[in-house]
Amino acid sequence: MELIPGGSLQTATAQQGRELAMKMARLVIKATQPDAGIRDRLRAAYAEDAATLLQVAHIVAVEFATIAAANDHWRHTEDQ
C-alpha cells in the first residue's frame with residue numbers, strides 16, 4: 001500500500017497540500033484496519049462522537065504540517 005500518494009509530499013499549492021493531508025490520513029486508517037466492512041461499521045460510532053471527530057481533525061493537521069514543512073524545505077533548497 002502506498003501511504004504517500006505519488007511518492008512525494010511536494011504540492012503546488014496549500015490547497016493541494018491540505019487535500020494530500022486528508023488523503024494520507026485516510027490511507028493510515030485503511031492500512032490500520034484493512035477490512036472495509038469493519039471500517040464501515042465503525043464509521044457510525046465515530047461520526048457522532050465530537051471527541052473522535054476532533055482527533056481526526058488533529059491527525060489531518062499533523063499530516064498537513066508535515067507536508068508544509070517538506071514543501072518549505074524544497075522551496076528553500078531550490079533557491080540555492
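The values are calculated or read from the model by the stated rules, or taken from the named source; none is laboratory data. Since this is a predicted model, take the numbers as computed values, not measurements. Every residue, glycine among them, receives a Cβ derived from its backbone with ideal geometry; neighbour counts consider all protein chains shown. SASA here: full protein model, heavy atoms, side chains in, ligands and nucleic acids out. Shrake-Rupley method; radii C 1.70, N 1.55, O 1.52, S 1.80 Å.
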Worksheet item: If we keep just the residues of the stretch 1-29 that are open to solvent by 90 Å² or more (accessible area, probe 1.4 Å) and either hydroxyl-bearing (Ser, Thr, Tyr) or over 11 Å from the mean Cα position of the chain (by Cα) (or both), which is modelled with the lowest pLDDT?
Response: Met1
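Would you confirm, using the coordinates I've provided, whether Arg39 is free of Cβ contacts under 8 Å to residues at least 60 places away in the same chain, open to solvent by 90 Å² or more (accessible area, probe 1.4 Å) and out of contact with any strand residue (DSSP E or B) (no Cβ under 7 Å at 6 or more places or on another chain)? Can you show your working first?
Values: free of Cβ contacts under 8 Å to residues at least 60 places away in the same chain: yes; open to solvent by 90 Å² or more (accessible area, probe 1.4 Å): no; out of contact with any strand residue (DSSP E or B) (no Cβ under 7 Å at 6 or more places or on another chain): yes.
Against the criterion (free of Cβ contacts under 8 Å to residues at least 60 places away in the same chain, open to solvent by 90 Å² or more (accessible area, probe 1.4 Å) and out of contact with any strand residue (DSSP E or B) (no Cβ under 7 Å at 6 or more places or on another chain)), Arg39 does not qualify.
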Worksheet item: Is it true that some residue in the stretch 21-35 is under 20 Å from Asn71 (Cα atoms), touching a helix residue (DSSP H, G or I) at 6+ places or on another chain (Cβ under 7 Å) and in contact (Cβ under 8 Å) with a residue 60 or more places away in the chain?
Response: no
